[in-house]
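Accompanying notes for the structure given below.
The values are calculated or read from the model by the stated rules, or taken from the named source; none is laboratory data. Not measured: the values here are computed from a predicted model. Note that we place each Cβ from the backbone using ideal geometry, even for glycine, and neighbour counts take in every protein chain shown.
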Amino acid sequence: VANDQTNSATELLVTLGGKNGAVNVRLADAVRTRIGEGVLQPGDRLPPSRVLADQLGVSRWVVTEAYEQLKAEGYLTAKGGSGTTVALRAGRPRSPATAPRPLDEPTTAVDLSPANPDLAAFPRADWRRAIQHALATATPRQLSYPDAQGDPVLRRMLAAYLHRARGLAVDATDVHLTAGTRSAVSMLCQLLQARGARRIGLEDPGWPRARQIAELTGLEVMPLPVDGEGFDPDALTSAGIDAVLVSATHQFPTGTLMSPDRRHRLLAWAADERHVVIEDDYDAEFRYDRRPVGALAALDPQRVVYLGSTSKTLAPALRLGWMVVPRRLIDAVEAARVATGVLVPAVDQLALAHLVGSGSYDRHLRKMRKVYAARRAALLAALNAVMPGEPVPGMAAGLHLVWRLPDETDEDTVLAACRHAGTIPAGLGTCRIRPGWPGLLIGYGNVPERLAASVASTLAEAARSA
Ligand SMILES: Cc1ncc(COP(=O)(O)O)c(C=O)c1O
């Protein structure tokens, strides 16, 4: 700084010119920022206050005030005759070797994650209007701690939505807001533990996040092998299972529909009140060949804990979801909610109520159904033309395809080649509890039709290279 006082003073001047507020506060901010960025390093000497004041065209008082403030905060020191210097403990190392990990994950050319809907299509204008409406109309009372079960108006709207879209004959008292499905699964695993349950059955292959949560909660995970009709409920009794998580209308990840016979047998198992069936209805809104099949919970909401969220319909970032709870479990759910300490942000709940109540939510779903149907058809056709292996037959639904690779293929090698080429699908192996044939989960929510051919050829090349 001492050698380059004019330049650093000019930089500070630019910063000071661009903002509002008292000049001494802005000067302190500017110096603090430069220390934080590592532009000013520990031991660097700052210009004497009179010199800097002249260069900046401000009074000397402004500079001494700013320096005093930064000394009080520990950024600067003034020792003996060496003037004002940057304190040793402040500042960030310049060396890239010790730089902190960037907060953002590296972005890839094409997002093939099966978890994401089209993130560019998030209805920003509708959500902005909904947030504005929530802020304009929220009463002071609504800005206190939110109702633990969720805003009553939103719960009424969700009950009506679940009735019309998923066939669940429930009312607002049955609906509980959650911070998304994983938050609900975590709460339910804690509830199961508290009830003395030991074993949870999970579909194999299935949702890896659910397995991780169940294991971390201390439950023993029992694999339930999935075939073309879902899993066989007879396995529950023979394996001594206490609870089960099922994606009945669109099995994750294989895309199959649980057969009516198995649904009925699963509900018969759930008639025993010691047993808990949890339905993950994660993407049922997206069916492209016919109307969505009704939820398992629609057959009997008193035997199934039903889970849904806005992660596929709007965006995972919102962290908004819902749960329909059989009455016999309500007290236990409330206790688990207190134990986890999770409340759902009230303003977001009011905004979601506006989005659903104004019809924007249904309109967005109608629009996206068309978009995804076209993307699915385009990617499937492109893959069929070039990709080794074959698609796993599933319904025309959801946001991803499952592609079976030739048996001898090493899935990890294919994934490494995909990553190298800038496209990252998921490996079926991560969804498996027991080993099985190799495959890829290819999300098409973010793959416009014009990119289908190039994505398919990148994936095909990666598969051949393995
Ligand atoms: C099987 C399954 N269930 C649920 C979800 C949604 O989870 P959340 O609501 O916690 O975002 C996903 C998202 O990827 C999923 O794949």
Going by what's in this entry, would T458 be described as outside any helix (DSSP H, G or I) and over 27 Å from S247 (Cα atoms)?
no
Looking at the range 208-232 only, could you name the residues that are within 16 Å of the ligand (Cβ to nearest atom) and surrounded by 21 or more Cβ atoms within 10 Å (Cβ to Cβ)?
A210, R211, I213, A214, L224, V226, G230, F231
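Of all residues in the range 239-251, which are within 14 Å of the ligand (Cβ to nearest atom) and either surrounded by fewer than 23 Cβ atoms within 10 Å (Cβ to Cβ) or outside any strand (DSSP E or B) (or both)?
Our first condition is that a residue be within 14 Å of the ligand (Cβ to nearest atom); within the range 239-251, this holds for 245-251.
S247, A248, T249, H250, Q251, listed by residue number.
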Could you grab me the full set of residues in the range 425-466 that are in contact (Cβ under 8 Å) with a residue 40 or more places away in the chain, of a type in the set (D, E, K, R) and over 19 Å from R209 (Cα atoms)?
E449, E461, R464
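If you check A197, A184, A138, which single one turns out to be of a type in the set (A, V, I, L, M, F, W, C) and under 20 Å from the mean Cα position of the chain (by Cα)?
On the way: A197 fails: under 20 Å from the mean Cα position of the chain (by Cα); A138 fails: under 20 Å from the mean Cα position of the chain (by Cα).
When all the criteria are applied, what remains is A184.
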Taking the condition out of contact with any Lys or Arg (no Cβ under 8 Å at 6 or more places or on another chain), at pLDDT below 95, closer than 19 Å to L318 by Cβ and aliphatic (A, V, I, L, M), does A134 pass?
no
Pairs only if they're at least six apart or on different chains, beta carbon under 6 angstrom, first in the range 323-335 and crowded, with 21+ Cβ neighbours inside 10 Å, second of a type in the set (D, E); list them, first residue then second.
V324/D174
Can you say whether G167 is out of contact with any Ser or Thr (no Cβ under 7 Å at 6 or more places or on another chain), away from the ligand (no atom under 15 Å from the Cβ) and without any contact (Cβ under 8 Å) to a residue 60 or more places away in the chain, as far as the supplied structure shows?
no
Kindly indicate the residue of the range 426-437 that is part of a loop (DSSP other than H, G, I, E, B) and touching a Pro at 6+ places or on another chain (Cβ under 8 Å) and also surrounded by the most Cβ atoms within 10 Å (Cβ to Cβ) among those meeting that condition.
R432
In contact with a helix residue (DSSP H, G or I) (Cβ under 7 Å, 6 or more places away or on another chain) and polar (S, T, N, Q), is that true of Q212?
no
Mind listing whichever residues of the range 179-196 are closer than 15 Å to V338 by Cα, part of a helix (DSSP H, G or I) and either within 13 Å of the ligand (Cβ to nearest atom) or among the β-branched types (V, I, T) (or both)?
S183, A184, V185, S186, M187, L188
Taking the stated definitions as given, is L158 within 16 Å of the ligand (Cβ to nearest atom), closer than 19 Å to Y282 by Cβ and surrounded by 17 or more Cβ atoms within 10 Å (Cβ to Cβ)?
yes
Test result for D118, touching a helix residue (DSSP H, G or I) at 6+ places or on another chain (Cβ under 8 Å), closer than 30 Å to P448 by Cα and at pLDDT 90 or above
yes
Note down all Cβ pairs under 6 Å where the first residue falls in the range 124-152 and is under 23 Å from A172 (Cα atoms), the second is part of a helix (DSSP H, G or I) and polar (S, T, N, Q), and they're at least six residues apart or on different chains.
D151/Q349
Taking the range 275-297 and the residues there that are without any contact (Cβ under 8 Å) to a residue 60 or more places away in the chain and under 25 Å from M187 (Cα atoms), the one that is farthest from the ligand (Cβ to nearest atom) would be H275
Need the failing condition index for D261 against (1) loosely packed, with under 15 Cβ neighbours inside 10 Å; (2) assigned to a loop (DSSP other than H, G, I, E, B), just the number.
(2)
Among the candidates A385, A346, A351, single out the residue that is away from the ligand (no atom under 16 Å from the Cβ) and closer than 24 Å to A463 by Cβ.
A385
Scanning the range 58-89 for residues that are touching a residue at least 24 places away in the same chain (Cβ under 8 Å) and not in a helix (DSSP H, G or I) gives V58, Y75, L76, S82, G83, T84, T85, V86, A87, L88, R89
Subset of the range 252-274, residues within 16 Å of the ligand (Cβ to nearest atom) and either under 20 Å from G180 (Cβ atoms) or charged (D, E, K, R) (or both), comes to F252, P253
T33: passes all of (1) assigned to a loop (DSSP other than H, G, I, E, B); (2) under 15 Å from A87 (Cα atoms) but (1)
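Look through L202, L236 and report the one residue that is at pLDDT 95 or above, over 23 Å from the mean Cα position of the chain (by Cα) and surrounded by 23 or more Cβ atoms within 10 Å (Cβ to Cβ). Outline the logic, then answer.
Working: L202 fails: over 23 Å from the mean Cα position of the chain (by Cα).
After ruling out the rest, the residue left standing is L236.
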